[in-house]
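Step one of this worksheet: look at the structure below.
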Amino acid sequence: MKIGLWNPVEYAAEGLPRGWPAAPRHWSPERGAESLRRAFELYDLAVAAGFDVLSVAEHHYGFGSLTPSPSLFAAALAQRYPGTTIGVLGPILPLANPIRVAEEIAMVDLLTGGRTVVGFFRGIPNEHLVYGTPPEATSEMFREAFALVLRAWTEPETFGWEGRHYRYRTISPWPRPLQQPHPPIVSGVTSPEAAAWVAASGYWPGIFGAVVPPDRAAACVEAWRDGVEARGATPDDEHVVYRARIYVAPSDEEAERDVAERRLGDSRSVVAPAPERAASAARVLAALTGGGPPRGAGGPPSPPRPEFAGGPESVAEQLRASRAAIGWGFLDAVFTDPNLPHERALRSLGLFVDRVLPTLRNGR
Amino acid sequence: MRLGEAHVGGLRALRGGDGPPLVHLHGAAGLHADPALELLADDFDVLALELPGFGRSPAPRTFDEAAVVVLDALAEAGIETCALAGTSFGAVVALHAALAAPERVEALVLLAPAALRPAGWRPPAPEELPRALFVRPDREGLPAPARPEDGAFVAALLDGLDQEALRARLPALPTPTLVAFGTEDGLFPPELGSDYRALIPGCSFVLVWDAAHELGWDRPDAVAALVGDFVLRHEAFAVGTTG
């Protein structure tokens, strides 16, 4: 089993009004520095405990994350934690220049000594506001950009690209990845059909526990395993990435109290507008989603909560049961929460390290 | 602009448009006006020639022979120099014409050329052919596949093409050359473009996204823009413009 720590690097926003996009006036250098200190405190603890992977995502314009450039932060992690695999999970392709993405991930792979996994994303609707990307084009843009990044990593000669969304006449990325032909690619799946395509393509399925319910996740993994076997390979459960939110408290009672009172796991608050701007933001969201409901795979459970929460013994048991039911072997865990004070997140990770991780490792 | 029936030298042709001459040589499916050629006729005098061996003309025994027939027909029509393009089989003839008379070919455009092939290459099974040729093979108006007699003659000529000898000739080709493959080409792997790029000193290689073997049918606007830009600017087409 592989254990990863996903850290969105939240802004130290205590006492500030929430809302996306966050007003730039709320930035303070002191809070910024404190945010980074907190993030590295969590990473330090995870690395000392032997976490296999540190992962970083791309999010913009909010207190929820200070890593709008995931490859830049990945490079910093690579230097600070040599020997640990870095998960760049990952670039939002419709927001990016795909050639730049290919170049930067190759740089990260070089800097990590070939210990990089990468995932590409289409982005959630609000992120398509960031650089004015037409939302209706993002599905096609994602597909084309993904193909272009792969070509950029594998074509042996300088080439050009006449796309529908991207046109380049001279492509010759340098460096190329240390891992040949490219680092393992994690591809987010929300349906068995998508998982079958991921298997046929040789990628690793990435399942977000926040949006894919366990039974659906299990069906995805089964479809992926069938697809891998269909092309004559052996499925490796450490290639099944399950990103999940974990909250460990000293006791089940305290964990449940925190989950309920602090609304832990309610990730909507990360992208919710400030209350006074709610009506205005709703009009923007309607335009972004074409008036329909935001896409997703059934949405979060109601009421929202972390995928795993409780005292150490409960969380260990929940994880064992989840792994058995779904079939993941690479847990990309997040211990922070927009509604959780840093000290509690640190305590939760500490309890996980001391009292959950050893039982998981023994049970491998 | 629509292309109309014409004769160029002794060859049947489809011709239309005003501007510098742009000669195109068709693939195994025979002479037809693909939509990219019609778009190119907005800026060029497009001459799509029927290759020897198709229609009622006698079949050449080699690509060098076919190239001579094309060059002679153009000379007879008063076209001493031109941009020369070809698709698939026609691209092999165009390549041989440029090798034989580089002084007469100002720019060479090879669309999904059939010249270089991977070792052990076999054509796709008949039921897979439509998808190999077109990204959306169920669209209306697509050209019919090669007639059996044309297909046999094309296959014989391609089988007789000495791959090693051809590869040895390419480094001496002085002509600015564009090689384009559709990313979904099911007949020849688009990765072959890299071989042309590596062998021909003046070769630019472009992948056309979301196009199969008949890239002029699958992405007419993109192919017309790409070919037109290369024919007018040669390697400078790689330089961005404000236009």
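Which three lengths, in whole Å and largest first, does chain A cover when its Cα atoms are put on their principal axes?
Cα spread of chain A along its principal axes, largest to smallest: 60, 50, 40 Å.
Fully extended, how many nm does the chain gain between A:ALA13 and A:SER201 (0.36 nm per residue separation, minus their Cα-Cα distance)?
Result: 63.6 nm gained on full extension.
Indicate, rounded to the nearest 5 percent, the antiparallel portion of the DSSP beta bridges found entirely in chain A.
On the way: 3 of 36 bridges.
Of those bridges, close to 10 percent are antiparallel.
Once phi is turned into ³J(HN,Hα) by the Karplus curve 6.51 cos²θ - 1.76 cosθ + 1.60 with θ = phi - 60°, what whole-Hz value does each residue of the range A:246-263 show in order, with x for glycine and proline?
Using θ = phi - 60°, the values come out as 10, 10, 10, 10, x, 9, 4, 4, 5, 4, 4, 4, 5, 4, 6, 6, 9, 6 Hz.
How high is the FRET efficiency from A:GLU222 to A:ALA49, r the C-beta distance, R0 30 Å, rounded to 0.05?
0.45
With Kirkwood's inverse mean 1/r over C-alpha pairs for Rh, give me the Rg to Rh ratio of the protein assembly as shown, two decimals please.
1.08
Give the average over all directions of the projected area of the C-alpha convex hull of the range B:92-176, one decimal, in nm².
Here the figure is 7.3 nm², rounded to one decimal.
Would you please state which residues of the range B:33-55 a label at B:ARG147 would reach in this model, taking the label point 7 Å out along Cα→Cβ and a backbone N cut-off of under 17 Å?
Answer for the range B:33-55: B:33, B:49-55.
Would you tally the net charge around A:LEU72, using a Cβ to Cβ cut-off of less than 11 Å, leaving A:LEU72 out, and scoring K and R as +1, D and E as -1? Write out the running numbers ahead of the final one.
Details: positive: none; negative: A:GLU58, A:GLU104.
Overall, the nearby charge balance is -2.
Taking amide H atoms as placed 1.01 Å from N in the peptide plane, list the residues 5 or more away in sequence, or in a different chain, whose amide H sits under 5 Å from that of B:LEU47.
B:LEU22, B:VAL23, B:HIS24
Going by how many other beta carbons lie within 10 Å of each one, how would you line up B:LEU37, A:LEU45, A:LEU89, fewest first?
Lowest to highest Cβ neighbour count: A:LEU45, A:LEU89, B:LEU37.
Please report the antiparallel percentage of DSSP beta bridges with both residues in chain B, rounded to the nearest 5.
Here the antiparallel bridges make up roughly 25 percent for chain B.
Compactness ratio of the range B:140-197: Cα Rg over 2.2 N^0.38 Å, N = residue count?
Normalised Cα radius of gyration, the range B:140-197: 1.42.
Using amide H atoms built in the peptide plane, which far-off residues or other-chain residues are under 5 Å from A:THR85 H to H?
Long-range HN contacts for A:THR85: A:LEU54.
So what J values fall out for the range B:43-60 if you push phi through Karplus, 6.51 cos²θ - 1.76 cosθ + 1.60 with θ = phi - 60°, rounded to Hz, Gly and Pro as x?
Running phi through 6.51 cos²θ - 1.76 cosθ + 1.60 with θ = phi - 60° gives 10, 9, 7, 7, 10, 9, 8, 7, 6, x, x, 9, x, 9, 7, x, 7, x Hz.
Under a point-charge model restricted to the Cβ atoms of Lys and Arg (+1) and Asp and Glu (-1), what is the dipole moment magnitude of the protein assembly as shown relative to its Cα centre, in debye to the nearest 20?
The dipole of the protein assembly as shown has a size of about 1440 debye.
Kindly provide log₁₀ I(q)/I(0) values, in the same order as q = 0.16 Å⁻¹, from the Debye equation applied to equal alpha-carbon scatterers of chain B.
Calculated log10 I(q)/I(0) at the listed q: -1.16.
Kindly put A:PHE121, B:PHE54 in sequence by how many other C-beta atoms sit within 10 Å of each C-beta, fewest to most.
By the 10 Å Cβ count, ascending: A:PHE121, B:PHE54.
Tally Lys/Arg at +1 and Asp/Glu at -1 over every other residue whose Cβ is under 15 Å from the Cβ of A:PRO250; what's the total?
On the way: positive: A:ARG257, A:ARG344, A:ARG347, A:ARG355; negative: A:ASP252, A:GLU253, A:GLU254, A:GLU256, A:ASP258, A:GLU313, A:GLU343, A:ASP354.
Net of charged neighbours comes to -4.
Name the residue, out of B:PRO220, B:PRO176, B:PRO20, whose mean-square fluctuation peaks in a Gaussian network model built on chain B with Cα pairs under 10 Å.
Among B:PRO220, B:PRO176, B:PRO20, the largest GNM mean-square fluctuation belongs to B:PRO20.
Restricting to bridges with both residues inside the protein assembly as shown, how much of the DSSP beta-bridge set is antiparallel, in percent to the nearest 5?
Restricted to the protein assembly as shown, the bridges split so that about 15 percent are antiparallel.
Suppose only helical runs count, i.e. DSSP H with n ≥ 4. What mean residue ellipticity at 222 nm does that imply for chain B under -39500 (n - 2.57) per run, divided by all residues and rounded to the nearest 500 deg cm²/dmol?
-9500 deg cm²/dmol
Cα atoms only, the range A:43-162: Rg and Dmax in Å?
15.1, 48
In nm, give the distance between the simple-model label positions of B:ASP162 and A:LEU36, each being 7 Å from the Cα along the Cα-to-Cβ direction.
Roughly 6.6 nm, to one decimal.
Might you report the magnitude of the Cβ-based charge dipole of chain A about its Cα centre, with Lys and Arg at +1 and Asp and Glu at -1, to the nearest 20 debye?
Values: 36 positive and 41 negative charges, 120 e Å.
The dipole magnitude comes to about 580 debye.
Please list A:351-362, A:170-181, A:24-35, A:333-344 highest first by mean number of surrounding beta-carbon atoms within 10 Å per residue.
Going from most to least packed, we get A:333-344, A:351-362, A:170-181, A:24-35.
Excluding B:ALA33 itself, calculate the net charge of residues whose Cβ lies under 15 Å from the Cβ of B:ALA33, where each Lys or Arg counts +1 and each Asp or Glu counts -1.
-4
For the pair B:ASP72 and B:ARG2, how long in nm is the line joining their label points, each one 7 Å along Cα→Cβ?
The answer from the label model is 3.4 nm.
So what is Rg over Rh here for the range A:94-253, counting just Cα atoms and using Kirkwood for Rh?
On the way: Rg = 17.5 Å, Rh = 17.4 Å.
Taking Rh as the inverse mean 1/r over Cα pairs, Rg/Rh reads 1.01.
Report the charge-dipole magnitude of the range B:92-163 in Debye, nearest 20, computed about the Cα centre from +1 at each Lys and Arg Cβ and -1 at each Asp and Glu Cβ.
Using Cβ point charges on Lys, Arg, Asp and Glu, the range B:92-163 gives about 160 debye.
If I histogram all Cα-Cα distances within the range B:51-95 using bins 10 Å wide from 0, what percent of pairs lands in each bin?
Values per bin, smallest distances first: 27, 58, 15.
Could you pull out every residue, at least 5 positions away or on a different chain, whose amide H is within less than 5 Å of the one on B:VAL8? Hs are placed 1.01 Å off N in the peptide plane, and Pro or chain starts have none.
B:ALA13
Give me the number: length gained by fully extending A:THR170 to A:TRP27, i.e. 0.36 nm times residue separation minus the C-alpha to C-alpha distance, one decimal in nm.
Length gained between A:THR170 and A:TRP27: 47.5 nm.
Looking at the range B:176-243 from every direction and averaging, what is the projected area of its Cα convex hull in nm²?
The number I arrive at for the range B:176-243 is 4.6 nm².
Let me check against my output: what whole-number percent is the relative contact order of chain A, with C-alpha pairs under 8 Å and at least 6 apart?
19 percent
What distance in nm separates the simple spin-label points at A:ALA279 and A:ALA325, each placed 7 Å from Cα in the Cβ direction?
So the label points at A:ALA279 and A:ALA325 sit 4.3 nm apart.
Which value, in Å to one decimal place, does the Kirkwood hydrodynamic radius take for the range B:45-136 when every pair of different Cα atoms is included?
Evaluated over the range B:45-136, this radius sits at 14.5 Å.
Once Lys and Arg get +1 and Asp and Glu get -1 on their Cβ, which of A:ALA49, A:PRO181, A:HIS26 lies farthest toward the positive end of the dipole of chain A?
Of the candidates, A:HIS26 comes out farthest on the positive side.
If neighbour count is taken as other Cβ atoms inside 10 Å, put A:TYR61, A:TYR242 in order from fewest to most.
Working: A:TYR61 16, A:TYR242 26.
The fewest-first ordering by Cβ neighbours comes to A:TYR61, A:TYR242.
Read-outs: derived from the displayed coordinates by stated rules, not from any lab. Keep in mind it's a predicted model, so treat the numbers as computed, not measured. As a convention, Cβ positions derive from the backbone with ideal geometry for all residues, glycine included, and neighbour counts pool all protein chains shown.
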